[in-house]
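Everything on this sheet refers to the single structure shown next.
The values are calculated or read from the model by the stated rules, or taken from the named source; none is laboratory data. As the structure is a computational prediction, the values presented were derived from the model and not from experiment. Heads up, the Cβs are rebuilt from the backbone with ideal geometry, glycines too, and the neighbour counts pull from every protein chain shown.
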Ligand code: DGL
């Protein structure tokens, strides 16, 4: 493999949601430099067609490569489900054979079956993630005995992106989606928030769940998996700069991004607006 120029680790999401993953990554890998990119201007991706999600995701990944990233984490389930395979198997091989793009489905599906005792798991996700069927397919590979029940929640990302998640409308949809999921099986004991935006409304989702159902977010799972990946891939580890630097980029509105990131990260950040596509 050719020697890579050193650069930050890229983290991408259609919008703010990936910050819930970034937060956990920086907790356990604080020394690394990161560039976070939210394609807020074109979010939500969840109800868009496959070619559109693939196009937007690849454009965003290329943008992060141009920022000097050698490793990009797609902290978005919809993009991971719809675009990652093509990016890894087609685009990278031709354009950037030395760079790597990782998704968040694989690390999650590798361990989620261990968390459920009843072996019945509910998935809350965007329409795109649900229709891709990626979660049931991938979970079955690692845990053939596990039953997977999916609930598409198309209104949740738009409500979060528009800072409306504390409204009555949000309550209505959260309650409705949780109930529709639970109606699918009495055996569900674990619900995975398979959309990186949902941890922001975790407490609201919990309000509609019986106490014996556990609600799982992906941040820590993905962070642990990245640490292990960097341990196993020294070339990428060596090619990652480690000055504790963070850069936050959005294709959307800077003041909105700053406000929203406070809810996700609990601190104020500098944000720059960029054009993609
Ligand atoms: N955070 C993205 C996910 O994990 C949301 C996708 C969207 O923009 O709809 O799926």
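The number of residues in the range 2-35 that are within 16 Å of the ligand (Cβ to nearest atom) and part of a loop (DSSP other than H, G, I, E, B) comes to 5. Restricted to the range 49-86, and to residues there that are at negative phi and part of a loop (DSSP other than H, G, I, E, B), the residue that is farthest from the ligand (Cβ to nearest atom) is 70. When 115, 74, 123 are checked against the criterion of being touching a residue at least 24 places away in the same chain (Cβ under 8 Å), in contact with a strand residue (DSSP E or B) (Cβ under 9 Å, 6 or more places away or on another chain) and under 19 Å from residue 37 (Cα atoms), a single residue qualifies: 74. What pairs can you find where one residue is in the range 191-219 and without any contact (Cβ under 8 Å) to a residue 12 or more places away in the chain, the other is part of a strand (DSSP E or B) and surrounded by fewer than 20 Cβ atoms within 10 Å (Cβ to Cβ), and their Cβ atoms are less than 6 Å apart, with a gap of 6+ or different chains? Sorted first by the residue in the range 191-219, then by its partner, the pairs are 206/215.
Of all the listed residues (46, 38), the sole one being within 13 Å of the ligand (Cβ to nearest atom) and modelled with pLDDT of 95 or more is 38. Restricting 74, 139 to those that are buried (at least 18 other Cβ atoms within 10 Å of the Cβ), in contact with a helix residue (DSSP H, G or I) (Cβ under 7 Å, 6 or more places away or on another chain), modelled with pLDDT of 95 or more and over 26 Å from residue 210 (Cβ atoms) reduces the list to 74.
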